[in-house]
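Scroll down for the structure; my scribbles are underneath it.
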Amino acid sequence: DADKQEPFAEASGFFISADGLAVTNYHSIAGALYADATLSTGETYPVERVLFYDPDIDIAVLRISKTSTANKTTSAFSFLEMAGTADVRTGDTVYTLGNPLGLGLAVSSGIVSAPRRMVERYALPCVMNTADISQGSSGGALVNVYGQVIAVTSGAYTYGNSMYLAVPVDPVMEADLTSEGWTLAEVAAIQASAKKAA
């Protein structure tokens, strides 16, 4: 495709349904016109549509094509169950799943430091925890001991030790994911227009 270019960013994400719905951070797709999802197997599948996004809470839900860039069709994707943050408590053990520095799937463990920490950058309280995330891990899953997603890894306090932030997955659980959604280019145009109007 003539308009495809070399990747300018890498991030993490995770499937929430067998038919290809995936969650990542909004900032991972902001301004993108095209994106691929590379599985831990190395197979790459194009992002078809954005079904939900919210820059203020830094979450996006994508529909991933079932046909890979190598023209292989999958019948189902492995996915994670969502639990949300209602039962998260300080001291709970948590794990991050992500793609730190683009090196591939990595898991780290930690505990919840604060289940509902208000942070200026986000419209919802974040889950502050000690499970390591690095650049490239944005959009990964923060899971409980049952392997259920409670939040989406988003960032860290720059001047703190082991102070990592994850935004609650609860809005995804409440969102209508049956809409037609938008292409990445349409989302970029909508957001660019909104910034000009502001």
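The values are calculated or read from the model by the stated rules, or taken from the named source; none is laboratory data. For clarity, every value in this text was computed on a predicted model and none was experimentally measured. Note that each Cβ is placed from the backbone with ideal geometry, even for glycine, and that neighbours are counted across all protein chains shown. The protein model used for the area step is the full one, side chains on, heavy atoms only, and it has no ligands, DNA or RNA in it. Shrake-Rupley method; radii C 1.70, N 1.55, O 1.52, S 1.80 Å.
Ignoring ligands, DNA and RNA, please state the percent of accessible area on the range 1-132 from carbon and sulfur, probe 1.4 Å. That share works out to 50 percent. Legend: residues 196, 66, sorted from most to least accessible area (1.4 Å probe; ligands, DNA and RNA excluded), read 196, 66. Computed from Cα positions, the angle between helix 184-197 and the longest principal axis of the chain comes to roughly 70 degrees. Across the range 62-78, rounded Karplus estimates of 3J(HN,Hα) from the backbone phi angles (6.51 cos²θ - 1.76 cosθ + 1.60, θ = phi - 60°) give 10, 9, 9, 4, 7, 10, 6, 5, 8, 6, 9, 9, 9, 8, 6, 9, 6 Hz, Gly and Pro being marked x. A DSSP coil position with no more than 16 other Cβ atoms inside 10 Å describes the following trypsin sites (Lys or Arg not before Pro) in the range 108-155: 121. Taking label positions 7 Å along the Cα-Cβ direction at both residue 195 and residue 105, the computed distance is 3.5 nm, reported to one decimal. When 10, 186 are compared by accessible area of protein heavy atoms, the largest-first order is 10, 186, using a 1.4 Å probe. Each residue of the chain gets 128 Å³ once the volume of the Cα convex hull is shared out per residue. A probe of 1.4 angstrom, applied to the heavy atoms of all protein chains, finds residue 184 with accessible area near 10 square angstrom. Per residue, the range 25-157 exposes 48 Å² of solvent-accessible protein surface, assessed with a 1.4 angstrom probe and all protein chains in place. A straight Cα-to-Cα reach below 16 Å connects residue 196 with the aspartates and glutamates 186, residues fewer than 8 places away in its own chain not being considered.
Highest-first packing order for the peptide set 105-111, 79-85 is 79-85, 105-111, based on the mean count of other beta carbon atoms within 10 Å.
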